[in-house]
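A.B. asks: One structure is given below, represented as structure tokens, and several questions about it will come after.
The values are calculated or read from the model by the stated rules, or taken from the named source; none is laboratory data. Since this is a predicted model, take the numbers as computed values, not measurements. For neighbour counting, all protein chains shown are included, and Cβ atoms are generated from backbone atoms with ideal geometry for every residue, glycine included. All accessible areas refer to the heavy atoms of the entire protein, side chains included, with ligands and DNA or RNA removed. Shrake-Rupley method; radii C 1.70, N 1.55, O 1.52, S 1.80 Å.
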Amino acid sequence: MGAYVAVPLFRFNTEPTGPHPVGSFEVWVPAETFSAVFSYLVLNRGNLSVLVHPLTREPRADHDQRKAWIGDPWPLDLSMLPTRTDNVPSQYASLKLGYNTIAPIMSPDERRNVGAHVSKVLGREELAARPTW
């Protein structure tokens with residue numbers, strides 16, 4: 001599978017905490033390795049339910065409209081979450097990942113160039129999907 005970054009918050013919540021109705025364990029995953037960690041959780045969660053959500057200044061929406069469950073969902077008590085907060089959630093600034101990345105952000109032109117390259121390469125792949133338009 002390769003290497004990825006996932007930072008456990010080193011705390012097992014053995015009782016309901018925040019909006020979560022049962023015990024839990026938290027892990028922060030930066031955008032740079034999210035897909036690898038998500039795939040790992042899908043394949044290795046066993047009988048556990050996993051709630052995946054972003055950390056933004058809108059915690060209620062993060063736990064409601066922006067969530068994904070791997071496994072059976074649990075009802076969350078959203079009433080205890082603020083709609084909006086002024087603070088950006090902790091993202092381990094010292095790691096220089098996620099919101100604190102030092103990597104340059106791709107411009108729209110750079111994204112278009114990457115997309116064009118991917119289309120060109122996949123155009124030569126026999127099993128690649130083809131546009132229908």
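A.B. asks: Could you tell me the center-to-center distance, by alpha carbons, between region 12-56 and region 86-133 in angstrom?
C.D. replies: 23 Å
A.B. asks: What does the charge dipole of region 1-73 about its Cα centre add up to, to the nearest 20 debye, if the Cβ of each Lys and Arg holds +1 and the Cβ of each Asp and Glu holds -1?
C.D. replies: Values: 6 positive and 7 negative charges, 8 e Å.
Using Cβ point charges on Lys, Arg, Asp and Glu, region 1-73 gives about 40 debye.
A.B. asks: In whole angstrom, how long is each semi-axis of the equivalent ellipsoid of region 17-133, when you take the square root of 5 times every eigenvalue of its Cα gyration tensor and sort them from largest down? Could you put the intermediate results ahead of the total?
C.D. replies: Working: eigenvalues 212, 87, 43 Å².
Gyration-tensor ellipsoid for region 17-133: 33, 21, 15 Å.
A.B. asks: Probe radius 1.4 Å, ligands and nucleic acids ignored: give me the carbon and sulfur share of the accessible area of the chain as a rounded percent.
C.D. replies: Details: 5860 of 10060 Å².
The computed percentage sits at 58.
A.B. asks: Assign unit charges at the C-beta atoms only (+1 for Lys and Arg, -1 for Asp and Glu), then state the dipole size of the chain relative to its Cα centre in Debye, rounded to the nearest 20.
C.D. replies: Numbers: 13 positive and 13 negative charges, 69 e Å.
Rounded to the nearest 20 debye, it is 340 debye.
A.B. asks: Explain nothing, just the number: relative contact order of region 1-101, from Cα pairs under 8 Å at least 6 residues apart, as a whole percent.
C.D. replies: Values: 142 pairs, mean separation 25.9, N = 101.
It rounds to 26 percent for region 1-101.
A.B. asks: Also, I was wondering about something else. Nearest 10 degrees is fine. How inclined is helix 34-44 to the longest principal axis of the chain, computing both from alpha carbons?
C.D. replies: With rounding to tens, the tilt is 70 degrees.
A.B. asks: What angle, in degrees between 0 and 90 and rounded to the nearest 10, separates the Cα long axis of helix 108-123 from the longest principal axis of the Cα atoms of the chain?
C.D. replies: Between helix and principal axis, roughly 60 degrees.
A.B. asks: Going toward the positive end of the dipole of the chain, with +1 on Lys and Arg Cβ and -1 on Asp and Glu Cβ, which of Gln65, Leu76, Asn13 do you reach last?
C.D. replies: Gln65
A.B. asks: Here's another thing I want to ask about it. With the dipole of the chain worked out from charges on the C-beta (+1 for Lys and Arg, -1 for Asp and Glu) around the Cα centre, which of Ala129, Gly46, Ile102 lies farthest toward the positive end?
C.D. replies: Value computed over the given set: Ala129.
A.B. asks: Express the accessible area of the chain per residue in Å², computed with a 1.4 Å probe while the remaining protein chains stay in the model. Mind dumping the intermediate values first?
C.D. replies: Values: 10060 Å² over 133 residues.
With all protein chains present, the chain gives 76 Å² per residue.
A.B. asks: Based solely on its DSSP helices, what 222 nm [θ] is calculated for the chain when runs of n ≥ 4 H residues each add -39,500 (n - 2.57) and the sum is averaged over all residues, nearest 500 deg cm²/dmol? Display every interim value, and only then the final one.
C.D. replies: Values: 3 runs with 32 residues, N = 133.
Helix-only estimate at 222 nm: -7000 deg cm²/dmol.
A.B. asks: Going highest first, how would you order 65-72, 42-49, 29-36 by mean Cβ packing within 10 Å?
C.D. replies: On the way: 65-72: 12.1, 42-49: 9.8, 29-36: 15.8.
Put in order of decreasing packing, that is 29-36, 65-72, 42-49.
A.B. asks: Moving on to the next point. Could you tell me, in Å, what Rg and Dmax come out for the Cα atoms of region 38-107?
C.D. replies: 14.8, 42
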